[in-house]
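Below is one structure, written out as structure tokens, with a few remarks after it.
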Amino acid sequence: MYKEYVIGVDFGTDSVRAVVVDTADGKQISSATSYYKRWKQGLYRHPEKAVFRQHPLDYLESLEECIKNSLADLSDEERGCIKGIGADTTGSTPVPVNKEGTPLALLDEFRENENAMFFLWKDHSAFREAEEINRAFKHGSETDYCKYQGDYCAEWFWAKILHAVRNDESIRENAYTWQEHSDWITAVLCGETRPEKIYHGACAAGHKAYWHSEWGGLPSAELLGSLDPYLVKVRERYGNSPKPSTECVGKLCPEWAEKLGLSENVIISGSSFDAHAGAVGAGIGENTLVSSIGTSAGHMIVEKKGKKPDGNMNCFCGRAEDSILPGYVGVETGQAAFGDIFAWFRNLLMWPLRNIEHALSEEEVTKIEDELLAKLQEQAEKLPPEPFPVSVDWFNGRRYPNTDDSQDGMIDGLTLGMDAPYVFRALVFGAICGMKRIIDGLESQGISIDSVTAVGGISKKSPFVMQMMADVLDKKVAVVDADQTCALGAAIYAAVASGVYGRIEDAGDHMAAKTVREYLPDGEKRDFYRTHYGEYLKLAEFAEGN
């Protein structure tokens, strides 16, 4: 029987993953991962300054490596079955480019200039610019540009650009414009990177650049110019209007066809953000919230166009036309830190073993580190109900509700009689309470959420976290069988763009991940957690007031 395969590529924070997928049933034929070499060496990041940059060569080299490795065991006949490639990336992760669309960091004179590299999604160095943009977008004209997305964030497109050109005159002078990683990578694969020609994804344009049909595109030139005349140039050079991720952007260019050993007839689909692709890979539909839980947490739901919210939603989420699923409004919300909080605590506990001379080998230290979170979860689950310290989850700022990058995490109720599992339980509970506060806000504005589908490593590895999530949220939480849900979602987009399926709903029915485990709320624990959720809200209120 003739097969039709597609490749899904998922650019994460630390690595890029590629999966070859059978379009008939979503079965994963092969996969490969490539870690960013420079990033792995700790280059171009300064956590103490909230600066996180990535070199474009990391993306290009890892893209080639992971796709080639995913194809290594396929026969020539099987390679000939590949119809399309889809990609997702982190975001907002923009980069300054020249007139040809080449990132400045690929030019000799900017090779080690961090401002000429990609500004990774979690770079918060532009928090002051974000505050300024937020005031302008809300109150600088008759149009409230924040009405669909809420307060502007330091992680996003305009803030990072403004911060870069204010702090590095060489970037202002040499950057013709800026491109999102998600748009640039599809352009590279198609061989057409000129800013006026490239595809723009609806996800990045709507959620991060604040494109909307109501005001006919990007925020006005007059408003952007009041912030900095350079932003007007970026607006003027934006090029094509955004399109859904199912769009056929073009065909694989000769250079990359030769590199990968694939036909030049392979279709390149539109791109998306990783969390959005993960939602598609998990089979998102109306009334189902898909939570992509990794270092941060992205929560997605879709609603039909034209539906009016019961009130002001922009403090709880961002909404963009044709994002996630074409023909719908994609609702995106999330938390700036989730798994990152647990990793921070693990690293805190591991500090003595890594920094004080001892008899343990590096292998022994690594083994302890690998086992530490599992042991913490095991012991936290055995703790008595009380005492119950509570934390607030804003360790990397607050994304929603009411974006505020200056907020910090807090832990309340600690005593000298508590050990590490108490603190760990408090951190888990705080992260889930942050999620509940967002969901309660969405439901208060008329969005119906019947269940939650969780994707990401934590959903597979931690029954403790998942059961607490079901209990605190008082909702069924489903876990799906795909290990690479984001890459699978990118593959589903490619299956539509290449014409294997006419509609994304049909592609999803055949290819999306299937539920392998469900967590149901425990009524007794639900009532217990509800009391402590009230304590979380009081602590959050205290944090906001101080």
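Work through the residues other than residue 490 whose Cβ is under 9 Å from its Cβ and net out their charges, Lys, Arg +1 and Asp, Glu -1.
On the way: positive: none; negative: 10, 88, 274.
Here the charged neighbours net out to -3.
Give me the net charge of residue 540's neighbourhood, meaning all other residues with Cβ under 12 Å from the Cβ of residue 540; Lys, Arg count +1, Asp, Glu -1.
-3
Rounded to the nearest whole Hz, the Karplus-based 3J(HN,Hα) values (6.51 cos²θ - 1.76 cosθ + 1.60, θ = phi - 60°) of the range 331-339 follow the sequence 9, 10, 9, x, 10, 5, 9, 9, x, with x at glycine and proline. For the range 388-546, the fraction of 1.4 Å probe accessible surface lying on carbon and sulfur atoms is 45 percent.
Ranking 299, 280, 254 by how far each Cα lies toward the positive end of the dipole of the range 235-327 (charges on Cβ) leaves 299 at the top.
Going down the table (122/375; 68/367; 3/83; 375/538; 382/525), which pairs top 19 Å between alpha carbons?
Working: 122/375 29 Å; 68/367 31 Å; 3/83 10 Å; 375/538 30 Å; 382/525 14 Å.
Distance filter (> 19 Å) returns 122/375; 68/367; 375/538.
Taking a ≥ b ≥ c as the square roots of the eigenvalues of the Cα gyration tensor of the range 129-253, is the shape rounded (a/c under 1.5), prolate (a/b larger than b/c) or oblate? Because a/c hits 1.5 or more and a/b fails to exceed b/c, the range 129-253 counts as oblate. What shape does the range 378-509 take by its C-alpha gyration tensor, where a ≥ b ≥ c are the square roots of the eigenvalues and a/c under 1.5 counts as rounded, a/b above b/c as prolate, and the rest as oblate? It is prolate, given that a/c is not under 1.5 and a/b is the larger ratio. Note on the range 183-265: Lys pairs 8 or more places apart or on different chains, Cα atoms under 27 Å apart, count 11. Cα gyration tensor of the range 276-433, axes a ≥ b ≥ c as square roots of the eigenvalues: rounded (a/c below 1.5), prolate (a/b > b/c) or oblate? Prolate. Subtracting the Cα-Cα distance of residue 359 and residue 451 from their residue separation scaled by 0.36 nm leaves 28.2 nm. Per-residue Karplus couplings for the range 465-476, computed as 6.51 cos²θ - 1.76 cosθ + 1.60 with θ equal to phi - 60°, are listed in order as 5, 5, 5, 4, 4, 4, 5, 5, 6, 6, 9, 5 Hz, Gly and Pro entered as x. Would you mind telling me the antiparallel percentage of the DSSP bridges in the chain, rounded to 5? Among the beta bridges of the chain, antiparallel pairing accounts for roughly 70 percent.
Backbone amide hydrogens, once placed in the peptide plane, bring residue 328 within less than 5 Å of 322, excluding anything fewer than 5 places away on its chain.
Counting only helical runs of four or more DSSP H residues, what would the 222 nm mean residue ellipticity of the chain come to if each run contributes -39,500 (n - 2.57) and the total is spread over all its residues?
Working: 20 runs with 222 residues, N = 546.
Result for the chain, helices only: -12500 deg cm²/dmol.
Using θ = phi - 60° in the Karplus curve 6.51 cos²θ - 1.76 cosθ + 1.60, the 3J(HN,Hα) couplings for the range 96-113 round to x, 10, 8, 5, 8, x, 8, x, 4, 5, 8, 8, 4, 6, 10, 4, 10, 7 Hz; x is entered for Gly and Pro.
A dipole drawn for the chain from +1 and -1 charges on Cβ atoms has a positive end, and of 348, 137, 124 the residue lying farthest that way is 137.
The values are calculated or read from the model by the stated rules, or taken from the named source; none is laboratory data. This one's a predicted model, so the numbers in the text were calculated from it and none came from an experiment. Quick reminder, even Gly has a Cβ in these numbers, built from the backbone with ideal geometry, and neighbours come from all protein chains shown. With ligands, DNA and RNA removed, areas are computed over all heavy atoms of the protein, side chains included. Shrake-Rupley method; radii C 1.70, N 1.55, O 1.52, S 1.80 Å.
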